[in-house]
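As structure tokens, the structure follows; a few thoughts come after it.
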């Protein structure tokens, strides 16, 4: 657990609250579907993504499985685990941040024929690629907008299905590949294809901090870290532990969080008014709002949670209109909320709710 | 293989009735020939295709046959089944959805030499590929428009004949490959080749639901599903079962369904009026109408069945401009008219609902007192691609595709297939090399399991999109404001932008007006952004043409340094009436000098002359000559649109 690889602690990052929040929400609920961090250079994008791994609680994996299958999820087993379903042993393992470098070749990403095995044994064997490593982990793509088109296609395919199908170089294989996709990009270098954009659950846009005091703090911390990294990391361990505990608490709370029909209607209304494509935005907004509630120790979603979630979910999904910046129009969201509140206020007396309702949580 | 344990149930998909119908009709009658689902992202396209697998009825197969041959079809048997003793052993199995991933390489699609068998026994044995597994099943291609051209060719071949003929790596093999092709795509990412389009029996266009209540229902079901997938799937079992039974009933009924002479005439009339190519549409429409009748438990085709079938069959076959929704409506009206015509009823006087939109330009007063004007965009049109076609470095096997892809010499493309190298380079295809070496292993000795000789070596053939960088150099001076000229120019640029997006070209925008030229948009892959800037383009002031061209050279040269594979292209849109120079010389001479530099830099260019009216100076033409550019008048670019419509869309 306590591997002091030199990674700048998450809680030591100054400011950039939106970004940190988006990352933490994903840590609590991987089903949100990742984050895209857009921003200028030098705004701790990569630092934050890498640091996140250290906050993530350990999880159970099938011992010896190269994909780290979830012992509790029989439907999601890889071919090997399916075969030996009766005799699996489990172990705890930390989540990892698997990096997808821009220069990666397709065979390394999806996996290919194991050359050594073929030459030495005369047998075909599948050699897992980056997507295999990424299963149940974080797949981190720095400068995701510079990724080669055909790699993006492959990534899209896997992200959509949570499975990687391989039909290449003499091997046929399939394995689970459900990962949290975290990407960073500098919009000045070109935009992402909308199709890939939509695969990111959340998106945050960040800028450098303009308050001189805070900037000084950024420099000071960085200096301390560089002078004595181990000591610096240790000094932030209490904060890190606190965040870790908070994630664990929120995770436990999440299944019991109620999203009332009224809130669902509000979410739908916002998505209609903002003219997003398809329904992925609605579903992600619901999950995000529920996770925000859990993160704040509550068991039911309120208007503010929806508003918060809208900010994270919609910014990259809006159809950009000419003359207006891509920035989401907060006012418009506020209007939609009012509209849906006007509609549903009298109608929602009885609603079916989900199981637990322990409200005495803090 | 059995991964559909956890698949969202088909009957739990909210709305999207047309898509569901199209899929179900194919399950009832595979001869309809598949479905193409086109739609925006996040509209349950893939979910539906995968969910269909659980609804598919049982079929009889030859036991032990890898292709699952049909015992009742003697002529369609594979080579192994043909030589088996009769009666053939029979087993019943469910139809499957076989996926073709976009990263597939050719050897795994068509099948290839079985490496293990060859290494161990020195035998040449055929190892079946995806096409073999797809026989009598559904072949599903997600993001079908992203599929490699070469793989598409292979797919088309097999789909056309129902047979896969393999001649490679010393193997000759032929096996049946008749499958239902289901594809899904997001048209934003580029269109399909018309030839592949036509292979899909039906096509549906879908979009997200706009009703709040429906959307809420979608969220709820999704939540429930993710919360407890097994329980959710179980709770939809009865509905799924009902659909399954309905499919079986319809299947049984289908041979008894008939279409009257009137209905046949109606179908033919519709196809004539819609000017579809060939007769496939007629045949598919009849089959679809018959299947719809069977699905509804009837034995006679009605007018409504034909109407429904027409919608499913024609949407991808009628010649219309992409990206126009109005057209779809008129298509429907046209079908309606055809139906009436075939019924020999009195034709009601047609009403043309043309609403001429008043596109008055907006005037803004700038802080400095000068006025600039913003014009609306003209209607986009299909760009005649000939003048814009990129120079390609291509192999002989290449066909014209949708994107400009080329076989590249560098190692960073997509591995599609292998070949015998002319000289031995670094990019060796080991899988193919081992396959080549495998059959000879018995005669060779070595410390490794596989002894490879030079003659076995194969290299990878990679495909890579040769991106163009298309830089638009736009004249936004006052003279462009006359007679709605800018509106036409914007329409032209918009059309070129749509074209560029579908080919994943990078685009940039340089604008000159007043006293300077400005890089409004550095080359980017974001066409959306380019479009936005273009729309905001203000017009007014003088014409510093030379500055614009010089700026463009700078931008393209920088671009070339960043990405050496890119092909720089420049599109100048101007009337050529330069009146601000760079130095002491005349503005026109400066512009000519800059134009000559463009030719020297080897930038392939294209001049669109926006001059119109009675008095023509022909200055843009002179510039085009200096640049070594292709020259076209703005009106001609639009005229090509008409020519295109007449010829049909021939990408």
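Every number in this text was worked out from the coordinates using simple rules, so none of it is lab data. Since we're looking at a predicted model, the values are computed, not measured. Please note: Cβ atoms are built from the backbone with ideal geometry, for glycine as well, and neighbour counts cover all protein chains shown.
Taking max minus min of the alpha-carbon positions on each principal axis, the stretch B:94-242 gives extents of 62, 37, 26 Å, largest first.
Evaluated at q = 0.14, 0.16 Å⁻¹, the base-10 log of the normalised Debye intensity for the stretch B:6-63, with identical point scatterers placed on the Cα atoms, takes the values -0.40, -0.52.
Dividing the radius of gyration of the alpha carbons in the stretch B:529-597 by their Kirkwood radius gives 1.02 for Rg/Rh.
Between Rg and the Kirkwood Rh of chain A, both from Cα atoms, what is the Rg to Rh ratio?
Ratio of gyration radius to Kirkwood radius for chain A: 0.98.
With N as its number of residues, the stretch B:168-318 has a Cα radius of gyration that, divided by 2.2 N^0.38 Å, comes to 1.34. The simple spin-label model puts a point 7 Å past each Cα toward its Cβ; for residue A:40 and residue B:453 those points are separated by 6.5 nm. Measure nothing fancy, just the Cα-based angle from helix A:261-273's long axis to the longest principal axis of chain A, in degrees from 0 to 90, nearest 10. Tilt relative to chain A: about 80 degrees.
From largest to smallest, the equivalent ellipsoid semi-axes obtained for the stretch A:197-263 from the alpha-carbon gyration tensor read 33, 21, 12 Å. Note on chain A: GNM, Cα springs under 10 Å; of A:175, A:150, A:210, the largest mean-square fluctuation is that of A:210.
Three principal axis extents of the stretch A:282-322 based on alpha-carbon atoms, in descending order, are 40, 16, 12 Å. Label separation (residue A:239 vs residue A:222): 1.6 nm, computed from points 7 Å beyond Cα along the C-beta direction. Sorted ascending by nearby beta carbons within 10 Å, beginning with the fewest, A:265, B:100 become A:265, B:100. Over the stretch A:1-78, the pair-distance histogram of Cα-Cα distances with 5 Å bins from zero comes to 3, 13, 20, 19, 18, 13, 9, 5, 1 percent, rounded to whole numbers. Working from label points 7 Å from Cα in the Cα-to-Cβ sense, the residue B:116 to residue B:91 distance is 1.8 nm. Using a Gaussian network for chain A with springs between C-alpha atoms less than 10 Å apart, which of these wobbles most: A:24, A:60, A:36? Evaluated over chain A, the most mobile residue of the options is A:60.
At q = 0.11, 0.12 Å⁻¹, what base-10 log of I(q)/I(0) does the Debye formula yield for the stretch B:252-342 when every alpha carbon is treated as an equal point scatterer in vacuo? Debye intensities relative to I(0), on a log10 scale: -0.29, -0.34. Rounded to the nearest 0.05, the FRET efficiency derived from the C-beta distance between residue A:116 and residue A:58 at R0 = 22 Å is 0.10. Sorting B:612, B:604 by the number of Cβ atoms found within 10 Å of their own Cβ, with the fewest placed first, yields B:612, B:604.
Comparing the stretch A:254-341 with the 2.2 N^0.38 Å rule of thumb, its C-alpha radius of gyration ratio is 1.04 (two decimals). The relative contact order of chain A comes to 20 percent, based on Cα pairs under 8 Å that sit 6 or more residues apart.
Averaged over all directions, how much area does the convex hull of the C-alpha atoms of the stretch A:166-305 cover when projected, in nm²?
Projected over every direction and averaged, the Cα hull of the stretch A:166-305 covers 14.5 nm².
Taking other C-beta atoms within 10 angstrom as a stand-in for reagent exposure, B:520, A:196 fall in the order B:520, A:196, fewest first. Hey, what did the stretch A:257-309 get for relative contact order, percent, Cα under 8 Å, at least 6 apart? Reported as a whole number, the value is 49 percent. Extension gain for residue B:226 to residue B:210 (0.36 nm times residue separation, less C-alpha to C-alpha distance): 3.4 nm. Can you tell me, using C-alpha contacts under 8 Å and at least 6 residues apart, the relative contact order of the stretch B:252-342 as a whole percent? After rounding, I find 40 percent.
Full extension of the chain segment joining residue B:303 with residue B:72 gains 79.7 nm, where the gain is 0.36 nm per residue of separation less the Cα-Cα distance.
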